[in-house]
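**Student:** Have a look at the structure that comes next, please.
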Amino acid sequence: MTTTTSSPTTPFAHLPTRIRLGDLEVTRLGFGAMRLPGKEVWGEPDDPARARAVLRRAVDLGVDLIDTAWFYGPHVANRLIAEALHPYPKHLVIACKLGGKRLPDKSWASYIRPEELRAGCEEDLRTLKLDRLDVVHLRYRKTDVPFAESLDAMIGLQKEGKVRHIALSNVAVAEVEEALARTPIVAVQNMFNVNGGGGQLAKMTHSEVESPEAVVDFCERKGIAYLPYFPLAVGAIGSQNSGLAKVAARKKATAAQVALAWLLARSKIMLPIPGTGSLEHLEENWASRRIALDAEDRAELARGTA
Ligand SMILES: NC(=O)c1ccc[n+]([C@@H]2O[C@H](COP(=O)([O-])OP(=O)(O)OC[C@H]3O[C@@H](n4cnc5c(N)ncnc54)[C@H](OP(=O)(O)O)[C@@H]3O)[C@@H](O)[C@H]2O)c1
């Protein structure tokens, strides 16, 4: 397993090491907080002290982007982040998401009407103990609410000073273009990993978008950061691509590390946000930034998807 502990400023094997989010700049490997609450992203974790330790260690290692949402738990991920890290280091960027909520049966529901986005924003501000949210994704899911109406609400929140930068999640190129015609967009967050952006997992989690690869390429052309969610297929990536084990053996790495390295190599705008509640996996994931993949490795991974 590759677990080098070089300083966060050590260049990534696949450059660039840093990426811009509007007037902010972060290292191109972040942390997803969705795995910190209890099972099924619901309630308290078995060991809240360990969850806080994971967050502190992430920042110590050099992670300076944490992705979260008030509805993870609900409220639990944000509360753990505030308990572990508030007052936040100046360089830390916390990215949030609006557009979803949880129902009492633990299912995920849309919460995307203007007044719902506003209510969600207040939840994020309160639970993260912030006056302004750095990066807020509009997490889109087709409903009877037109995309433009939700986007307008986000622009309104930004004008009021509650949101610094607007980002989008779960969108196709058409929605990114529509948004760009109205406002700067600093990031796109869609499901994407070494197996692409579709399949069963996308279906089950309302994560399907039209032409996922085209969204990555579009973001690259526009210089928009791309945060692939489910970068490890919720921990199952190793069993879903037969090439991962082969390349991992060559690199003396793990399948998860190769899957993250593949994302970093896929595009200079890629900013993976693997989620974990484990210190060991956190260190392992962070070390993936040092793994260089050549054309032969990538061909192996492309064959492994089939
Ligand atoms: N915009 C959206 O709609 C949306 C949707 C889903 C997720 N997200 C964001 O994306 C982030 C990443 O997605 P995710 O956390 O759901 O899935 P993921 O990163 O693909 O996988 C996380 C799972 O993989 C396991 N894992 C992590 N590192 C590992 C390693 N090195 N080896 C083996 N297993 C490992 C974790 O278990 P352990 O805890 O045991 O390590 C966890 O169960 C989330 O945290 C969230 O911030 C956004």
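Read-outs: derived from the displayed coordinates by stated rules, not from any lab. Quantities reported herein were computed from a predicted structural model and do not represent experimental measurements. Neighbour counts are summed over all protein chains in view; Cβ atoms, including those assigned to glycine, are modelled from backbone coordinates with ideal geometry.
**Student:** Please enumerate the residues belonging to region 45-63 that are assigned to a loop (DSSP other than H, G, I, E, B) and within 15 Å of the ligand (Cβ to nearest atom).
**Tutor:** First, the residues of region 45-63 that are assigned to a loop (DSSP other than H, G, I, E, B): 45-47, 62-63.
If the condition is that a residue be assigned to a loop (DSSP other than H, G, I, E, B) and within 15 Å of the ligand (Cβ to nearest atom), then 45, 46, 47, 63 are the ones that fit.
**Student:** List the strands (runs of 3 or more DSSP E) that sit entirely inside region 65-133 and contain at least 2 residues that are surrounded by fewer than 18 Cβ atoms within 10 Å (Cβ to Cβ). Break it down stepwise before answering.
**Tutor:** Values: elements: 65-67, 93-98, 100-102, 108-110.
Here the list reads 108-110.
**Student:** Check 148, 174, 153, 167 and return the single one that is buried (at least 18 other Cβ atoms within 10 Å of the Cβ), of a type in the set (Gly, Ala, Ser) and part of a helix (DSSP H, G or I).
**Tutor:** Numbers: 148 fails: buried (at least 18 other Cβ atoms within 10 Å of the Cβ); 174 fails: buried (at least 18 other Cβ atoms within 10 Å of the Cβ); 167 fails: part of a helix (DSSP H, G or I).
Answer to the check: 153.
This table checks each residue for (1) in contact with a strand residue (DSSP E or B) (Cβ under 6 Å, 6 or more places away or on another chain); (2) under 21 Å from residue 275 (Cβ atoms).
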{"site": "143", "(1), (2)": "yes, no"}
{"site": "151", "(1), (2)": "no, no"}
{"site": "161", "(1), (2)": "no, no"}
{"site": "166", "(1), (2)": "no, no"}
{"site": "171", "(1), (2)": "no, yes"}
{"site": "180", "(1), (2)": "no, no"}
{"site": "197", "(1), (2)": "yes, yes"}
{"site": "204", "(1), (2)": "no, yes"}
{"site": "207", "(1), (2)": "yes, yes"}
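**Student:** Of the residues in region 218-253, how many are farther than 26 Å from residue 34 by Cβ and in contact (Cβ under 8 Å) with a residue 40 or more places away in the chain?
**Tutor:** Here the count works out to 9.
**Student:** A follow-up question, please. If residue 221 satisfies all but one of (1) under 27 Å from residue 24 (Cα atoms); (2) surrounded by 16 or more Cβ atoms within 10 Å (Cβ to Cβ), what's the number of the condition it fails?
**Tutor:** With respect to (1) under 27 Å from residue 24 (Cα atoms); (2) surrounded by 16 or more Cβ atoms within 10 Å (Cβ to Cβ), residue 221 is out only on (2).
**Student:** Kindly state which helices (runs of 4 or more DSSP H) lie completely within region 195-279 and contain at least 2 residues that are closer than 14 Å to residue 169 by Cα, touching a Leu at 6+ places or on another chain (Cβ under 8 Å) and within 14 Å of the ligand (Cβ to nearest atom). Reasoning before the result, please.
**Tutor:** Working: elements: 199-204, 212-222, 237-240, 242-251, 255-266.
Where helices (runs of 4 or more DSSP H) fall fully within region 195-279, none carries at least 2 residues being closer than 14 Å to residue 169 by Cα, touching a Leu at 6+ places or on another chain (Cβ under 8 Å) and within 14 Å of the ligand (Cβ to nearest atom).
**Student:** Here's another thing I want to ask about it. Looking at 247, 258, 234, 215, which one is surrounded by fewer than 23 Cβ atoms within 10 Å (Cβ to Cβ) and among the β-branched types (Val, Ile, Thr)? Give the steps one after another, and end with the answer.
**Tutor:** Numbers: 247 fails: surrounded by fewer than 23 Cβ atoms within 10 Å (Cβ to Cβ); 258 fails: surrounded by fewer than 23 Cβ atoms within 10 Å (Cβ to Cβ); 215 fails: surrounded by fewer than 23 Cβ atoms within 10 Å (Cβ to Cβ).
Result of the check over 247, 258, 234, 215: 234.
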